[in-house]
Amino acid sequence: MPDLRVRALQLLTRRDYSRAGLQAKLAPHAQSVEELSAVLDTLQAERLLSDCRYATQRVVVRARRYGNARLRQELRQQGVSDELHGLGRRMLS
């Protein structure tokens with residue numbers, strides 16, 4: 001588990017990830033689904049992993065280029081709910 005946590009922290013130092021995105025990156029390195037879930041839960045509890053922060057950052061970076069529908073689709077593909085997408089758009093207003 002410490003190796004998986006270290007790998008997750010290395011990824012998170014480069015950029016924010018959604019929980020689903022980080023799970024996909026770490027899955028090949030996890031020994032079990034329970035281990036992976038435990039690491040992700042711990043990171044969320046420590047506020048190192050946040051779908052809200054990921055959605056906000058993603059919307060801020062891409063809002064000038066793309067419309068709401070495209071941003072919503074991208075966030076859905078990353079496992080982020082529509083409510084968080086709306087929060088990101090409201091923060092830009």
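Rule-based calculations on the coordinates, nothing more; no lab input. The model shown is predicted, which means the values in this text are computed figures rather than measured ones.
Let me have the 222 nm mean residue ellipticity of the chain computed from DSSP H runs of 4+ only, each contributing -39500 (n - 2.57), with the sum over all residues rounded to the nearest 500.
On the way: 6 runs with 67 residues, N = 93.
Taken over the chain, the calculation gives -22000 deg cm²/dmol.
Pair-distance distribution of the range 1-46: all C-alpha pairs, bin width 5 Å, starting at 0; shares per bin in whole percent are 5, 24, 42, 25, 5, 0. Legend: translational diffusion of the chain by Stokes-Einstein, Rh = Kirkwood radius over C-alpha pairs, 20 °C, 1.002 mPa s; D = 156 µm²/s.
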